Amino acid sequence: MRCPYCHSSNNKVIDSRPSREANAIRRRRECQNCGRRFTTYEQVEETMPLVVKKDGRREPYQRTKISEGIKKACEKRPVSIDAIEDFLDELEREMLGSGQREIPSSWIGEKVMAKLRVWDDVAYVRFASVYRHFTDVTDFMKEIRDLLEARKAATGK
């Protein structure tokens, strides 16, 4: 580790403790050359699986891409940013836990749609319209009918 002030690599660790989120180790260091102190963080490098698109292309997983799609669907709806972030954390844990190096984009899309369906019907239909490439109003009507039938079956009304 190089000192950010004098760039010497001669330093020692004074204190180590978990970060607030407990996902990294915070280390206080002191440079043996200039005597100044600085903080470093050490964390596990997690490699997210590649996302396999419908056309077969592979691209790196992008949390922001999924997050923006969900936020756009939930715009002006009663879904909190914290709920979205918690869901994304859960999704990433599931992806990493699967041990797979490649994840189909359809798997991610279906997980998002399932969560939106629980959170808010309007957000669900908004996302579905983009994800499933609705081309006209009949596609919207079919999705809404399916949603209403599922609600009716769930509540028994």
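Coordinate-derived values only; no laboratory data. Bear in mind that the values here come from a model prediction, so they are computed numbers and not experimental data. Cβ placement follows ideal geometry from the backbone for every residue including glycine, while neighbour counts extend to all protein chains displayed.
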Expressed in angstrom and rounded, the centroid-to-centroid distance over alpha carbons for the range 29-48 and the range 112-152 is 48
Cβ-placed point charges (K, R +1; D, E -1), dipole of the chain about Cα centre in debye, nearest 20
480
Give the order of Y131, Y41, Y5 when sorted by the count of other beta carbons within 10 angstrom, beginning with the fewest.
Y41, Y5, Y131
Compare the Cα positions of A22, L148, A114 along the charge dipole of the chain (+1 at Cβ of Lys, Arg; -1 at Cβ of Asp, Glu; about the Cα centre) and return the one farthest towards the positive end.
A22
For the chain, compute Rh as the Kirkwood radius over C-alpha pairs and then the Stokes-Einstein diffusion coefficient at 37 °C and 0.692 mPa s; write the answer in µm²/s, rounded to an integer.
170
Would you mind calculating the relative contact order of the range 19-69 from Cα pairs under 8 angstrom and at least 6 residues apart, reporting the percent as a whole number?
22
Take each of the peptides 98-108, 25-35, average the number of other beta-carbon atoms within 10 Å over its residues, and list them starting from the highest.
25-35, 98-108
Note the angle between two axes, namely the Cα long axis of helix 105-119 and the longest principal axis of the Cα atoms of the chain, as a number of degrees from 0 to 90, rounded to the nearest 10.
70
Using the crude model of +1 on Lys and Arg Cβ and -1 on Asp and Glu Cβ, and no other charge, please compute the dipole size for the range 15-54 relative to its Cα centre, in debye to 20.
160
The chain, Gaussian network, Cα under 10 Å: of R126, R37, R58, the residue fluctuating most is R37
Once K142 and S98 are pulled to full extension, the length gained, defined as 0.36 nm per residue separation minus their Cα-Cα distance, is 12.5 nm
Go through the chain and flag any cysteine with no other cysteine's C-beta closer than 4.7 Å, please.
C74
To the nearest 10 degrees, how steep is helix 81-98 against the longest Cα principal axis of the chain, on a 0 to 90 scale?
80
How tilted is helix 121-131 with respect to the longest principal axis of the chain? Cα atoms for both, answer in degrees (0 to 90, nearest 10).
80
